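Please treat every number below as a calculation from the coordinates, not as lab data. The structure presented is a predicted model; accordingly, all values stated were derived computationally and were not measured. Cβ sites come from the backbone with ideal geometry, for glycine too, and all protein chains shown count toward neighbours.
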Amino acid sequence: MSDQEVLLKKITGEVDPIEKARLIQEAVLKYNVPKAKIADLLRVSRPYVSSLLRLLRLPELVIDGYYSGVITLSHLFVIGRLGDHDSMISLYEEILTNNVSSVDVDNLIRQRKHSVGSYPDRTDEKVKKALEEFFHAIDAEASITLIQTRIKGKLIVELRGDTQRTTHFFKTVGHLLRPSLDSLTDTDW
């Protein structure tokens, strides 16, 4: 068995994504193995192989976060799309501080890379504060995230708990909002 074949066999058996990326990089650089061949060998898409290789650009701090279990592989893939270490570390810290899911991280990166969201007439802090106070009055552990881009706005209300707790929360919100909705007329819209 040639060195190249041994390396390719190692790649297929490796479970650690960072080490797998290192082995793929070695196969590409040392033996000129096409990424398409590696993708076929691993039974994954070519973009997935590229995502694995981007892991090698991540700062050690971010990789340590993965190994310590504070972020997921999905987080690593999304953070790896950023160009420079400072941006990667900044986003990593934001993930830790705000417990951001990988889907929300993807949205944050899209906003940063494509400058989506820095437009006038955005919702001001007073409105956000009023929303926080409204939901905290119902349950102090409720958290809100207000995302506003040039093409859409999103209000995310999150409350951790079992279905009994969350059902009570939703019913209370609905009960409090109902009189306001009933008082609106077509001319109010």
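Quick notes
- Distance cut-off 25 Å, percentage of C-alpha pairs in the chain lying past it: 55
- Placing unit charges on each Cβ (+1 for Lys and Arg, -1 for Asp and Glu) gives segment 3-113 a dipole about its Cα centre, and among Ser68, Pro47, Ser90 the Cα reaching farthest toward its positive end belongs to Pro47.
- Over the residues of the chain, the helix contribution to mean residue ellipticity at 222 nm works out to -19500 deg cm²/dmol, using -39500 (n - 2.57) for each DSSP H run of at least 4.
- Rounded if a/c under 1.5, otherwise prolate or oblate - segment 125-188, Cα gyration tensor axes: oblate
- Extension gain for Asp40 to Gln164 (0.36 nm times residue separation, less C-alpha to C-alpha distance): 39.9 nm.
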